[in-house]
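Q: Supplied in structure tokens, the structure appears directly below.
The values are calculated or read from the model by the stated rules, or taken from the named source; none is laboratory data. These numbers come from a predicted model, not from an experiment. As a convention, Cβ positions derive from the backbone with ideal geometry for all residues, glycine included, and neighbour counts pool all protein chains shown. Accessible surface is based on the protein model in full, side chains and every heavy atom, while ligands, DNA and RNA are left aside. Shrake-Rupley method; radii C 1.70, N 1.55, O 1.52, S 1.80 Å.
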Amino acid sequence: MLFKGIAGLINPTNGEILVNSIKVGNGVSPHNTSVLIENSNLWENLSAFDNLRFLNYLTKNKISDSEIIKTISDFGLNPKD
């Protein structure tokens with residue numbers, strides 16, 4: 001829960017969270033944060049590509065579909081699986 005709060009994904013019930021003197025929460029998140037996927041299959045009915053493409057849709061720093069495919073392939077995985 002702490003990391004979700006630091007990333008601005010959840011709001012604290014008490015107090016506030018500051019990252020580099022910036023209050024996070026209520027739609028404000030710190031710059032240069034990443035996603036840690038707790039379950040290997042976010043949506044089991046979607047391919048690795050479609051799962052990562054959806055996560056990319058949620059971010060401000062968009063990457064191309066070809067970059068997603070290349071990254072999956074770099075790990076020796078099939079983007080269609």
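Q: Are any residues in the stretch 1-18 on the phi < 0 side of the Ramachandran plot and either basic (Lys, Arg) or in contact (Cβ under 8 Å) with a residue 12 or more places away in the chain (or both), and if so, which ones?
A: Phe3, Lys4, Gly5, Ile6, Ala7, Leu9, Ile10, Asn11, Pro12, Ile17
Q: Looking at (1) open to solvent by 100 Å² or more (accessible area, probe 1.4 Å); (2) at pLDDT 85 or above; (3) in a helix (DSSP H, G or I), which one does Leu77 not meet, given that it meets all the others?
A: Condition not satisfied by Leu77: (3).
Q: Name the pairs whose Cβ atoms lie under 7 Å apart, with the first residue in the stretch 47-74 and over 19 Å from Leu9 (Cβ atoms), the second open to solvent by 90 Å² or more (accessible area, probe 1.4 Å), and 6 or more positions between them or separate chains?
A: Ser47/Lys80; Ser47/Asp81; Ala48/Leu77; Ala48/Asp81; Phe49/Lys80; Asp65/Arg53; Ile68/Arg53
Q: Just to be sure I understand, how many residues within the stretch 66-81 are acidic (Asp, Glu) and either within 20 Å of Trp43 (Cβ to Cβ) or in contact with a helix residue (DSSP H, G or I) (Cβ under 8 Å, 6 or more places away or on another chain) (or both)?
A: Final tally of qualifying residues: 1.
Q: Here's another thing I want to ask about it. I'm told Trp43 meets every condition in (1) surrounded by 13 or more Cβ atoms within 10 Å (Cβ to Cβ); (2) among the aromatic types (Phe, Trp, Tyr); (3) at pLDDT below 85 except one. Can you identify the failing condition by its number?
A: Of the numbered conditions (1) surrounded by 13 or more Cβ atoms within 10 Å (Cβ to Cβ); (2) among the aromatic types (Phe, Trp, Tyr); (3) at pLDDT below 85, the odd one out for Trp43 is (1).
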